[in-house]
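Take a look at the structure below.
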Amino acid sequence: MNNETVIWTIGGLDPSNGAGISRDLAVFQNLQQRGYSLCTAVTAQNHMGVSCVQPVKADVLNQQFQALLELSSPSVIKISMIADDAQATVIAHWLEKLRQQNPQLFVVYDPVLSASAGGQLSTLSGDAIAALCANCDLLCPNYHEAQALTESQKGGVELIHELNQKLDARAVVLKGGHSGCEAVEDLLWQHNRAGTFSVKASRLAVSKTHGTGCTFAAALSVFVAQNFELEDALYLAKCYVFEALQQAENNVRSAGNGPWHTLGLPGWPKHRQLDFAFSEQAGLPAELAAPFPSIDREKFRFYPVLDSIDWVRWALGQGVKTVQLRLKDASDEQQLRQHIRTAVKLGRRYDAQVFINDYWALAIEEGAYGVHLGQEDLASADLNAIAAAGLRLGLSTHSIVEIERACRVQPSYIALGHIFPTQTKDMPSQPQGLTKLGFYQQWLADRFPTVAIGGISLQRAKPVLAQGVSSIAVVTALTKASKPGEALQQFNGVVNEHFSQ
Ligand SMILES: Cc1ncc(COP(=O)(O)OP(=O)(O)O)c(N)n1
Ligand SMILES: Cc1ncsc1CCOP(=O)(O)O
Ligand SMILES: [Mg+2]
């Protein structure tokens with residue numbers, strides 16, 4: 001994904017390009033992210049070890065900040081190896097200044113203290129590390145670093161608690177590569193969320209692992225800069241590293257060199273279904289034995305979401321072939337059942353795909369064509385009962401993690417939203433925009449039909465469809481149009497033109 005944000009990476013130079021700032025810049029370039037580097041030390045090292053470290057003078061580091069500021073301001077700063085306390089003081093000074101200019105600045109600190117192949121890289125004091133942690137938004141140590149920082153031998157969530165007691169980080173990603181466990185599990189803790197989020201991948205039998213931690217933190221920083229939520233950024237970074245490690249191993253040209261030294265992961269993103277879970281929320285729904293029944297994709301291309309049976313009757317009468325009955329102020333159960341019953345009948349009469357929002361149990365009882373559910377419904381709805389009754393299922397998603405969670409239940413379609421600001425509903429998440437919509441669509445790689453929703457007007461219909469979605473869903477563009485019949489015809493025109501190309 002391309003955007004105008006800039007990342008600064010602060011760390012040491014590894015001449016073999018496996019780790020450090022040259023590795024970071026390679027990852028940025030690979031992921032089409034603009035980035036600059038500030039060098040804290042010149043090292044002599046390769047994947048077999050470090051032979052010397054020459055810290056740059058604090059004043060030289062200071063001048064690097066000044067030089068870069070003449071070019072641009074960073075939206076993300078990634079910090080890794082800091083050689084000594086004098087450098088930490090310079091960095092703290094600049095972080096404060098840059099945060100004043102940009103309160104949204106996000107700082108990732110990968111506390112590199114020694115090289116994985118052996119060799120001390122830093123003389124940072126405990127106080128300087130604590131000050132840095134308090135100044136960063138995300139701390140991402142590996143097991144060795146977290147244990148050294150806390151002087152404990154604990155692991156997993158307990159180790160994160162130890163870190164929190166000692167250091168004042170706002171969020172922590174504990175990298176599981178050195179945990180010694182069969183599966184590599186990375187844990188994310190955030191100060192404003194209950195519990196932890198974890199992503200697991202099987203341990204790859206690979207040898208070219210020099211710089212894996214740098215690659216991971218660099219990719220994570222890119223995804224943060226590109227506005228992904230932290231859970232998504234972690235998930236994507238792990239997928240990226242997983243793929244990079246496999247590619248390096250298969251690349252004979254990098255034999256003996258430790259790191260992969262051919263840049264580029266052509267075709268990325270390829271979706272990876274890594275295992276993930278939330279510790280204190282409903283995690284993944286149980287995997288269902290069979291996919292939900294499919295929908296007719298041709299009838300699915302334009303999808304009005306309607307708040308009354310009158311609107312449903314009108315739309316179907318106008319020839320619309322997919323609609324949703326979305327009743328939000330129904331208090332009388334009898335009346336609700338009656339509306340759902342009528343919607344089901346109308347759907348049959350017009351040979352249309354009528355989805356019922358929220359009321360999955362009534363939808364089953366009334367023999368509906370399908371139901372549409374949100375993420376929060378996944379924990380409580382009886383998905384097996386919906387599947388057993390033969391209903392189609394549509395699921396809302398707002399992020400990669402939610403998309404992957406939705407994929408596990410093999411729904412009939414996946415909704416991607418909200419794309420633009422909407423007046424119809426208070427949304428807890430930010431509008432996704434077209435670039436992310438395109439990324440989601442690429443990520444899904446046609447595993448399921450998709451529908452984009454949220455703020456889609458007639459003018460926006462064409463660019464939304466150009467992202468490759470199977471359908472567009474609208475509420476107010478139709479129901480608040482001064483002439484709904486004309487609006488419908490115009491939408492049909494745009495949709496038909498798009499799908500006839
Ligand atoms: C097609 C389509 N996409 C998304 C939604 C939103 O559903 P949900 O998350 O369940 O939120 P509510 O609509 O219940 O507020 C939708 N209804 N239709
Ligand atoms: C129900 C819903 N879910 C995500 S956005 C949205 C509302 C879309 O309404 P509009 O098309 O008027 O923006
Ligand atoms: Mg709902």
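Some observations on this one:
- The range 297-500: relative contact order as a whole-number percent, Cα under 8 Å and 6+ apart: 17 percent
- Residues of type lysines that LYS483 reaches as a straight line, Cα spacing below 25 Å, ignoring anything fewer than 8 places off in the same chain: LYS299, LYS321, LYS328, LYS425, LYS462
- Charge dipole of the chain (Cα centre as origin; +1 on each Lys and Arg Cβ, -1 on each Asp and Glu Cβ, all else neutral): 1500 debye, rounded to the nearest 20.
- Full extension of the segment from CYS181 to ASN496, taken as 0.36 nm per residue of separation minus the current Cα-Cα distance, would add 108.1 nm.
- The alpha carbon centroids of the range 472-499 and the range 153-171 are separated by 53 Å.
- Oblate is the label for the range 328-382. Its Cα gyration tensor axes, ordered a ≥ b ≥ c, give a/c of at least 1.5 and b/c at or above a/b.
- Among the trypsin sites (Lys or Arg not before Pro) in the range 1-75, those placed in a DSSP loop whose Cβ has at most 13 other Cβ atoms within 10 Å are LYS57.
- On the beta carbon distance between ALA130 and ALA67, with R0 = 35 Å, the FRET formula returns roughly 0.75.
- For the chain, the antiparallel share of DSSP beta bridges with both residues in that region comes to about 35%.
- At full extension, GLU158 and ASP310 could sit 49.1 nm farther apart than now, given 0.36 nm per residue minus the alpha carbon distance.
- Between ARG348 and GLN459, the FRET efficiency from the beta-carbon distance, with R0 = 45 Å, is close to 0.80.
- On full extension, the segment bounded by MET48 and LYS425 gains 130.1 nm, given 0.36 nm per residue less the C-alpha separation.
- From the alpha carbon centroid of the range 329-347 to that of the range 186-247 is 46 Å.
- Between THR435 and VAL60, the simple label model (points 7 Å from Cα in the Cβ direction) yields a spacing of 3.4 nm.
- The chain: C-alpha gyration tensor shape, a/c 1.5 cut-off, then a/b vs b/c: prolate
- Range in the chain, longest, excluding exposed GluC sites (Glu not before Pro) [loop by DSSP; at most 12 other beta-carbon atoms within 10 Å]: 299-501
Readers should treat all values here as calculations from the given coordinates under stated rules, not as data from a laboratory. Keep in mind the model is a prediction, meaning the values are calculated, not measured. Methodologically, a virtual Cβ is constructed for each residue, glycine included, from the backbone with ideal geometry; neighbour enumeration extends over all protein chains shown.
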